[in-house]
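**Student:** Before anything else, here's the structure in question.
The values are calculated or read from the model by the stated rules, or taken from the named source; none is laboratory data. Quick caveat, the model's predicted, so the values are computed rather than measured. Every residue, glycine as well, gets a Cβ built from its backbone with ideal geometry; the counts of neighbours run over all protein chains shown. Accessible surface areas use protein heavy atoms only, side chains included; no ligands, DNA or RNA. Shrake-Rupley method; radii C 1.70, N 1.55, O 1.52, S 1.80 Å.
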Amino acid sequence: MEKTDAALLIVGHGSTVNPASSTPTLRHAATIRSRGIFADVACCFWKEEPSLRDALFFFRDPAIHEVYVVPNFISEGYFTRTVIPRELELNGPETTRPNGQIWKYCEPVGSHESMTEHLLARAREIAPGVREEEAALLIVAHGTSLNDNSAVAAKEQAERIRGLGRYGEVLNGYMEEPPLVSDWANLTKSENVVVVPFFISDGLHSYEDIPALLGIANQLSARLRSAGRHTARQANSSRAARGEIFRHNPYAIDNRSLSYAPSIGTDPGVADIIIEQAANFDAES
C-alpha cells in the first residue's frame, strides 16, 4: 500500500494514570511514518493529548485527499462504535469534510485475521523451549460485568487457536469474570503454562494486577532482592519492577512452569496490522 495523497490517523485510548499506555501507539506510528507510505501519520487519544477533538484540525495540507482512521483497540465496542465516531464527527464508514477531504473509518487492530498468528508468535517468543503440544496457552483479557467486548475477542482467539490443534490446552481467562485468571492452576493440567495478555499496552494490569493474580509477583520481588537489584520496598513497587516481570520467565509454581508475556499490542508487528486495516478498507469497499 502506498498512499502519498492520504494520511493515517491512529486512535488510542490513552490513560490519565499510566503514561506508558500511549507508548505502543506512538511507536507504531513512528514505524509507519518511517516507511513513507502516507503523506502524514498522526495519533490521537481519548484520555491523553492530543485528543480526538484535536485531530479534527490535523491534515490541513490540501494535497491530502483522504484520511484513514484506524482504532488501536482490541475489539469493537463502545469506544469504536460510539466514542470515536462522535468525537471525530464521523457519520459512517466514509465522511466527507467541508473541504472535500474524505475520512475513512477502518476496523480496529484486534479484529485483524493475523492477530491469531501474532498471539502464537508471542507465546513462542517467551517460551521457546516449551513444546506446544505439551503446554497450555492462556489468553487474558480484562472482562467485566458491564459487557467488555475484549472478553469476547479473547474467547474468539482462544477458539481459533484451539482449532489449530497446536497447543495441548487453549483457554481464555479474565481479571473480573469467570473463568478467572487467578484460577489458572485449576483450569489447566499441563506442566507448562504460557500466558499472553490480550491488551493494547502494558500498564498496571500487565505489570502488577495479572502477575499478582497468577501468583508470580512475589517471586519476582524475591528474585530482585536476592540479586541485589532492589531493596525489599523497591522490589515490591510496581514502578521499580515495571518490565522486569517479563524478563524472568519461567516462574515455578507448585511444580508447574509459567511463562508470562508482554501485552500483544506491544508487538512491533501491530504496525503492519494498522497498515493492512487501512488497505482492507479500500479492498472491501
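**Student:** Largest first, how would K155, K104 line up by accessible area (1.4 Å probe)? Intermediate values should be presented prior to the final figure.
**Tutor:** Values: K155 105, K104 15 Å².
Ranked list, largest accessible area first: K155, K104.
**Student:** What residue among H112, T95, N18 has its Cα farthest toward the positive end of the dipole of region 1-132, where the charges are +1 on Lys, Arg and -1 on Asp, Glu, each on the Cβ?
**Tutor:** Positive-most Cα among the choices belongs to N18.
**Student:** Same structure again: K3: net charge of surrounding residues, Cβ under 12 Å, Lys/Arg +1, Asp/Glu -1, itself excluded?
**Tutor:** Combined, the nearby Lys, Arg, Asp and Glu give -3.
**Student:** Considering only protein heavy atoms, with the full assembly of protein chains and a 1.4 angstrom probe, order H112, H248 by accessible area, largest first. Walk me through the numbers on the way to the answer.
**Tutor:** Working: H112 15, H248 35 Å².
Order by accessible area, largest first: H248, H112.
**Student:** Counting only protein heavy atoms and a 1.4 Å probe, tell me what percentage of the chain's accessible area is made up of carbon and sulfur.
**Tutor:** Percent of accessible area from carbon and sulfur atoms in the chain: 49.
**Student:** Can you tell me how region 63-131 classifies by the Cα gyration tensor, rounded, prolate or oblate, using a/c under 1.5 as the rounded cut?
**Tutor:** Values: a/c = 4.57, a/b = 2.56, b/c = 1.78.
Judged from the Cα gyration tensor, region 63-131 comes out prolate (a/c at least 1.5, a/b above b/c).
**Student:** Whole number in Å², please: accessible area per residue of the chain, 1.4 Å probe, ligands, DNA and RNA not counted. Before the final figure, lay out the partial values.
**Tutor:** Numbers: 13240 Å² over 285 residues.
Per-residue accessible area for the chain comes out at 46 Å².
**Student:** As a test question: what accessible area, to the nearest 10 Å², does D5 have when a 1.4 Å probe is rolled over all protein chains in place?
**Tutor:** My reading of the accessible area for D5 is about 60 Å².
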